[in-house]
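The values are calculated or read from the model by the stated rules, or taken from the named source; none is laboratory data. In this text, all values refer to a predicted model and were calculated from it rather than measured experimentally. A quick note on method: Cβ atoms are made from the backbone with ideal geometry, for glycine too, and the neighbour counts reach across all protein chains shown. When the accessible area is computed, the model is the full protein with side chains, heavy atoms only, and any ligands, DNA or RNA have been set aside. Shrake-Rupley method; radii C 1.70, N 1.55, O 1.52, S 1.80 Å.
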Amino acid sequence: MDLPRMFPLRQTFDAESLDDPVAGTRACVLNSSLGERISRGDRVAITAGSRGIHRIAQMTRAIADCVRELGGDPFILASMGSHGGATTDGQKAILASYGIEESTMGAPVDATMDVVEVGKTEDGVPVVLNRLAKEADAVVLVNRIKPHTSFRGPYESGLMKMMTIGLGSHRGATLAHSMGADGLPLMIPAWGRIILREAPIALGVAILENAYEQTAKVVAVEPDELTAVEPELLDEARELMPRIPVDRIDLLIVDRIGKNISGTGMDPNIIGRIWLAGVKEPDSPRIERIVVLDLTPETHGNANGIGLADVTTRRLVDRIDFKATYANAMTSTFLNRAYIPIVGENDREAIEIALGTCGNGGNGGVRVMRIRSTLELEHLWASEALLPELSALPEVEVSGEPAGMDFDVEGNLTMSGSRSG
């Protein structure tokens with residue numbers, strides 16, 4: 001099959017960011033009411049759990065230092081639901097991989113899967129909370145605000161979710177996900193309001209990032225304002241997200257997916273595919289076929305999200321840790337995200353399979369785009385059929401000459417030609 005020539009592109013996003021996120025974090029904590037909510041010697045839990053946040057270790061250390069300056073006794077609490085194999089050692093190991101450990105934090109790092117019941121919802125579902133959070137004198141919630149990969153609601157990834165699922169430990173995460181993607185938007189605020197009333201939540205530190213994964217804003221959220229403020233921050237975060245610059249694509253080639261890129265391997269908000277019962281699909285982009293070529297080394301074989309692709313490669317399949325992938329899918333209950341798509345023996349065969357099954361049969365007007373990952377959308381490639389549309393966008397520029405897709409003797413894309421990044 002003749003494959004289309006690809007033009008390299010550069011896409012520009014809003015690059016507003018904090019010059020010093022650590023100083024910004026200190027300022028927001030010290031200017032909050034946290035000092036009025038803790039007394040000298042109080043044990044203060046600082047949540048830690050989300051992956052991929054820019055400078056999260058340094059920001060967490062800054063919060064711990066602020067707590068100590070205000071008279072509290074800080075400790076870092078692993079708050080990631082059932083991640084890390086739902087074990088204390090596993091969760092501490094994940095935090096250590098972020099640079100969050102006692103030697104770098106100047107404070108203990110603790111974890112437990114034990115929970116205590118702090119109430120029940122109106123329909124009788126128990127609301128559980130990490131035992132160490134309940135026993136602390138105060139809790140500082142720390143999380144990035146961003147659209148979730150599996151559901152839509154006023155509270156998605158953020159402080160409310162950190163309280164309910166992050167601090168719910170394995171038991172809470174299991175209860176939450178058993179309600180399905182359409183139940184989570186209702187469960188999270190219902191649980192959150194009970195936890196805000198019954199637990200020692202003293203402050204929220206909300207982090208917003210721009211499309212380049214830099215810290216755009218750090219906001220101190222007072223407990224009594226959390227339910228009103230977080231939806232507004234989510235709207236801001238949605239506007240800051242990177243985007244694929246066209247609405248309709250015949251084939252999207254994704255170089256790599258992984259848990260360090262998105263909880264779902266590749267962000268469903270970017271590719272326009274949620275594929276979960278009861279959840280509305282994004283209006284754009286509309287992509288007919290998606291090919292995923294490989295896993296990131298950092299995902300350690302966890303291929304959660306591969307089920308959102310139409311075609312993949314033998315290389316990727318051979319690297320899958322099925323135990324880790326299936327555990328992820330079973331905890332979330334979203335089994336289809338671990339399904340294995342059609343497998344090509346190499347990159348070229350995978351791409352040809354996808355092109356050959358597009359509605360246009362891979363003709364000369366095929367609309368192809370290639371990205372490194374759903375986190376890396378500044379530099380990308382597009383076929384000639386997309387150029388008229390892309391040329392009209394002020395935020396997109398052609399950054400080089402067109403080139404064919406070059407493959408090595410094994411049929412895998414090389415670093416020359418249209419190879420990205």
*Which residue out of 367, 315, 337 is buried (at least 16 other Cβ atoms within 10 Å of the Cβ), farther than 18 Å from residue 252 by Cβ and at pLDDT 95 or above?*
315
_Complete set of residues in the range 183-234 that are within 22 Å of the chain's Cα centre (by Cα) and of a type in the set (D, E, K, R)_ = 209, 213, 217, 230, 232
_Filter result for residue 104 (at pLDDT 95 or above and either buried (at least 19 other Cβ atoms within 10 Å of the Cβ) or not in a helix (DSSP H, G or I) (or both))_ = no
_Selection from the range 52-90 of residues that are free of Cβ contacts under 8 Å to residues at least 60 places away in the same chain, more than 16 Å from residue 142 (Cα to Cα) and not hydroxyl-bearing (Ser, Thr, Tyr)_ = 68, 69, 70, 71, 73, 83, 84, 89, 90
*Within the range 125-154, track down each residue that is free of Cβ contacts under 8 Å to residues at least 40 places away in the same chain and not charged (D, E, K, R).*
148, 153
*Name the one entry in 289, 243 that is modelled with pLDDT under 95, farther than 27 Å from residue 62 by Cβ and of a type outside the set (Ser, Thr, Tyr).*
243
*asked:* It is to be established whether one or more residues within the range 393-400 are within 27 Å of residue 343 (Cβ to Cβ) and in contact with a helix residue (DSSP H, G or I) (Cβ under 9 Å, 6 or more places away or on another chain).
replied: no
*Find all pairs meeting these conditions: Cβ atoms under 7 angstrom apart; at least six residues apart or on different chains; first residue within the range 13-39 and crowded, with 18+ Cβ neighbours inside 10 Å; second residue among the acidic types (Asp, Glu) and assigned to a loop (DSSP other than H, G, I, E, B).*
32/222; 38/137
_residue 174 of a type in the set (Ser, Thr, Tyr) and surrounded by fewer than 20 Cβ atoms within 10 Å (Cβ to Cβ)_ = yes
*Quick one: in the range 40-58, which of the residues that are part of a helix (DSSP H, G or I) and surrounded by fewer than 23 Cβ atoms within 10 Å (Cβ to Cβ) is farthest from the chain's Cα centre (by Cα)?*
58
_Pairs with Cβ under 9 Å, 6+ apart, first in the range 210-225 and on the phi > 0 side of the Ramachandran plot, second open to solvent by 30 Å² or more (accessible area, probe 1.4 Å)_ = 213/52; 213/54; 213/375
